[in-house]
2 protein chains.
Amino acid sequence: MSNQPEHAEHEEHEHMEPREPNTIYVGKKPTMNYVLAVLTQINNGSDVVTLKARGRAISRAVDVAQVLTKRFATDVKVQSISINTEQVKSTMTGGMSNVSSIEIKLGK
Amino acid sequence: MSNQPEHAEHEEHEHMEPREPNTIYVGKKPTMNYVLAVLTQINNGSDVVTLKARGRAISRAVDVAQVLTKRFATDVKVQSISINTEQVKSTMTGGMSNVSSIEIKLGK
């Protein structure tokens, strides 16, 4: 039913689609975890890293981008932001519901 | 101390700055309240309406933009999205803390 058997999700489904390279899926963990994940990607040679988040994690993705660009990697800038609506299967009812998503492209 | 004496705020401070025309500050109310507020502005002749939100209300601002552009006003499009960091005085500790913000410009 799901490709993330390691932990149950309630409303954010952070890893539903196959993971793309240079993409960090922001979920329920503390903001700094994702900041460090982006920094690691950049230090490994990525010029562009994309943050993706759904539902309530959207605010955290914005936090990650801000903490990173204002404090930890001031040479990294927000290159583009897009928002969208995704259909997810509710784990509670089994029906489909719409959830907003955000994609923040960061790069040097 | 505050210019919004009518209701106490905990973490989102939706109306701290002077209100700009054509700007909807998204806070803790239900998403549809803000969707209707934008629709009202557009029906009153505004070509561009800006959604602003801080902290956890950011996800709701994205929801408002999506519900509006996908369901209620399909001629309205997201024109630009910007994110920023604002300094707010914490109502709990009195100290300054950083909060992420989003600005979503909607227009025909």
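The values are calculated or read from the model by the stated rules, or taken from the named source; none is laboratory data. This structure is a prediction, so every number in the text was calculated from the model and none was measured. Here the Cβ positions follow ideal geometry from the backbone for every residue, glycine too, while neighbour counts run over all protein chains shown. Side chains are part of the model used for accessible areas, which takes the heavy atoms of the whole protein and leaves out ligands, DNA and RNA. Shrake-Rupley method; radii C 1.70, N 1.55, O 1.52, S 1.80 Å.
Taken over segment A:77-91, the criterion of being outside any strand (DSSP E or B) and either without any contact (Cβ under 8 Å) to a residue 24 or more places away in the chain or closer than 18 Å to A:Tyr34 by Cβ (or both) is satisfied by A:Ser90 alone. Against the numbered list (1) away from chain B (no Cβ under 12 Å); (2) surrounded by fewer than 18 Cβ atoms within 10 Å (Cβ to Cβ), A:Ser80 comes up short only at (1). Looking at B:Asn98, is it open to solvent by 90 Å² or more (accessible area, probe 1.4 Å), modelled with pLDDT under 95 and within 11 Å of another protein chain (Cβ to nearest Cβ)? Yes, satisfied. B:Thr74 meets the conditions (1) over 14 Å from the mean Cα position of the chain (by Cα); (2) touching a residue at least 24 places away in the same chain (Cβ under 8 Å) in every case but one. The failed one is (2).
Go through segment A:58-77 and report how many residues are of a type in the set (Asp, Glu) and at the interface with chain B (Cβ under 9 Å from one of its Cβ atoms). Reasoning before the result, please.
Residues of segment A:58-77 that are of a type in the set (Asp, Glu), as a first pass: A:63, A:75.
Those still in the list that are at the interface with chain B (Cβ under 9 Å from one of its Cβ atoms) too: A:63.
Qualifying residue count, segment A:58-77: 1.
The single condition among (1) more than 9 Å from chain A (Cβ to nearest Cβ); (2) buried (at least 20 other Cβ atoms within 10 Å of the Cβ) that B:Gly55 does not satisfy is (1).
For segment B:31-71, residues that are touching a residue at least 40 places away in the same chain (Cβ under 8 Å) and either in contact with a His (Cβ under 7 Å, 6 or more places away or on another chain) or not in a helix (DSSP H, G or I) (or both) total 10.
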